[in-house]
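Some notes on the structure that comes next.
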Amino acid sequence: MQLTFYSDYSLRILMYLALRRPERVRVSEIAKRFDISLNHLLKVVPNLAQAGFITSHRGKRGGIELARSPEEINIGELVRYTEGPLRLVECFDPAKNRCVISLACGLAPILQEACDSFLATLDRYTLADLIAKRARLIRLLSIRNGLASASNSRQRSRQASG
């Protein structure tokens, strides 16, 4: 099982915002810090805002910020939102199921139990848990005094390539 990039990017956005809280952050900054496509993040952000995870502000002082505290953002809730129904095999979707053995097969209930356990585990955690190693995350993302440091990022890139 693998989460989609959409879920992965959603988690990264929320983690970054939690680290920079209560400041507003530009999406381009998040893309740069994680070295991921700005275009991909720009597809994720409106949906996170629509779902109430973040607040988006336009204009010169625009940016995005968490809409709730990190302790109030449940990881299971986020994954259910970003992934939709988890359909591990064809027979999980009755409208598209063409499997001839689905009425007698024992795989679907086992996979459903595993999926339920996966989500139940995620339900026990919040965004605050994901940023528990705050100082280390801030260092890895080159955030200084609440501001991301471009020079640290360049230095980190040089060290990685040299």
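Rule-based calculations on the coordinates, nothing more; no lab input. Just so it is clear, the structure is predicted and the values come from calculations on it, not from any experiment. Glycine gets a Cβ as well: all are built from the backbone with ideal geometry, and neighbour counts include every protein chain shown.
Can you pull the one-decimal nm distance between simple spin-label points at His40 and Val89, each 7 Å off the Cα toward Cβ?
3.0 nm
Compute a Gaussian network model of the chain, connecting alpha carbons closer than 10 Å, and tell me which residue from Ile36, Ile143, Ile13 fluctuates the most.
The residue that fluctuates most here is Ile36.
Pairing the Cα long axis of helix 107-123 with the longest principal axis of the chain, what angle in degrees results, from 0 to 90 and rounded to the nearest 10?
It works out to around 30 degrees.
Taking 8 Å as the Cα distance limit and 6 or more residues as the minimum spacing, I'd like the relative contact order of the chain as a percentage.
Values: 157 pairs, mean separation 41.3, N = 162.
Relative contact order for the chain comes out at 25 percent.
Cys99 to His57: extension gain in nm, 0.36 nm per residue of separation minus the Cα-Cα distance?
Values: separation 42, 0.36 × 42 = 15.12 nm, distance 4.76 nm.
Stretched out fully, the Cys99 to His57 stretch lengthens by 10.4 nm.
Once each part is reduced to its C-alpha centroid, what is the distance from the range 21-80 to the range 100-137 in angstrom?
What the calculation gives is 23 Å, centre to centre.
Over the chain, with a Gaussian network built from C-alpha contacts below 10 Å, which listed residue (Leu48, Leu78, Leu119) shows the highest mean-square fluctuation?
Taking springs between Cα atoms under 10 Å, the residue moving most is Leu119.
Could you pull out which residues in the range 75-95 have an amide N less than 20 Å from a spot 7 Å beyond the Cα of Ala120, following the Cα-Cβ vector?
What the label zone holds, given the 20 Å backbone N cut-off, is 75-81, 85-89.
Hey, could you pull the Cα Rg and Dmax for the chain, both in Å?
So, for the chain, Rg and Dmax equal 19.0, 61 Å respectively.
Does anyone have the angle between helix 38-50 and the longest principal axis of the chain? Alpha-carbon axes, 0 to 90°, nearest 10?
Value to nearest ten degrees: 70.
Which residue fluctuates most in the GNM of the chain (Cα springs below 10 Å): Arg21, Arg12, Arg58?
Maximum fluctuation in the GNM of the chain, among the listed residues, is at Arg58.
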